[in-house]
Amino acid sequence: ILPIGEKMFIPRVKDEEISGKQKIKSVLKLFFADETAKKASPVASEFIPYLRFKESEKKAEADVCFTTVPGISEKPEYYEIHSQSGKIQIYAKDFRGHVNALATLSEMLSFENGGFYIQSGTIKDYPDKPFRSFMIDTGRKYIPIPEFKAQILFIARSKMNKLHIKLPENSYDII
């Protein structure tokens, strides 16, 4: 897990209008407008482990609202983040759009003066390439399970969508 405020490699977003920072709570209430958005729920705590999340039944009480809008863009995995007045709205074309929005949201957060802050403004983004991959070579060097899981989390937070695993030549003994 990266320390709070430490940035990792995530591709630049296509369109951003950032106008400052706003303080947010350390426990955020999440509202999911539909089933596709709700599937992103476990991803939030994996991508942003230093905040706690509770699900809200009412949109008006939520700090973060997730909404799937299939016709929002022609681009697959498209998403928008609107952050203002202590509220965050996430609109995505599909599930992967919600996941990518959470990766960007984790980069928008900072910890300063004993509190959590998020950049205010609007971000609109989608991947440049449909195929973004990473390879893990376990054939040449053993990778312990916790490190392997951390690498998979890194891949997801980096907005990659394919994982190649090279197994040892005698992998039939393992299976």
(message) Restricting to Cα atoms and excluding each atom paired with itself, what does the Kirkwood estimate give for segment 107-175 in Å?
(response) 15.4
(request) Taking the chain as the reference, fit the longest principal axis to its C-alpha atoms, fit the long axis of helix 145-157 to the helix C-alpha atoms, and give the angle between the two in degrees, 0 to 90, nearest 10. (result) 50
(request) For an R0 of 25 angstrom, estimate the FRET efficiency from the Cβ-Cβ distance between I143 and F111 and round to the nearest 0.05. (result) 0.25
(request) With just the Cα atoms of segment 37-86, tell me how far they stretch along each of the three principal axes, in Å, largest first. (result) 33, 25, 20
(message) Tell me the mean residue ellipticity at 222 nm calculated for the chain from its helices only (DSSP H runs of n ≥ 4, each -39500 (n - 2.57), averaged over every residue, nearest 500).
(response) -6500 deg cm²/dmol
(request) May I ask for log10 I(q)/I(0) of segment 58-137 at q = 0.11, 0.17 Å⁻¹, from a Debye sum over the Cα atoms as equal point scatterers with solvent left out? (result) -0.34, -0.72
(message) Let me check I've understood the local charge: for F95, count other residues with C-beta under 12 angstrom from its C-beta, Lys and Arg +1, Asp and Glu -1. What total comes out?
(response) 0
(message) Within segment 66-175, what whole-number % of the accessible surface is contributed by carbon and sulfur, with the 1.4 Å probe and all protein chains included in the calculation?
(response) 58
(request) Would you grab the residues whose amide H sits under 5 Å from the one on L28? Only those 5+ places off in sequence or on another chain, please, with H modelled 1.01 Å from N. (result) R52, F53, K54
(request) Please give the per residue accessible area of the chain, computed with a probe of 1.4 Å over protein heavy atoms only, in Å². (result) 58
(message) Counting just the Cα atoms, what span does segment 1-144 cover along each of its three principal axes? Round to the nearest Å and put the largest first.
(response) 52, 40, 29
(message) Give me the net charge for the shell around I123: Cβ to Cβ below 9 angstrom, other residues only, Lys and Arg +1, Asp and Glu -1.
(response) -3
(request) Beta carbons within 10 angstrom, averaged per residue: use that to sort the peptides 46-54, 139-147, highest first. (result) 46-54, 139-147
(request) Determine ³J(HN,Hα), in whole Hz, for all residues of segment 160-165 in sequence, where each value follows from phi through the Karplus function 6.51 cos²θ - 1.76 cosθ + 1.60 and θ = phi - 60°; x replaces Gly and Pro. (result) 8, 10, 9, 10, 9, 10
(message) Please compute the contact order of the chain in relative form: average sequence separation of alpha-carbon pairs under 8 Å and at least six residues apart, divided by the residue count, as a percent.
(response) 26
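The values are calculated or read from the model by the stated rules, or taken from the named source; none is laboratory data. Since this is a predicted model, take the numbers as computed values, not measurements. When we count neighbours, we look across all protein chains shown, and the Cβ atoms used for this are built from the backbone with ideal geometry, even at glycine. Heavy atoms of the whole protein, side chains included, go into the accessibility calculation; ligands, DNA and RNA do not. Shrake-Rupley method; radii C 1.70, N 1.55, O 1.52, S 1.80 Å.
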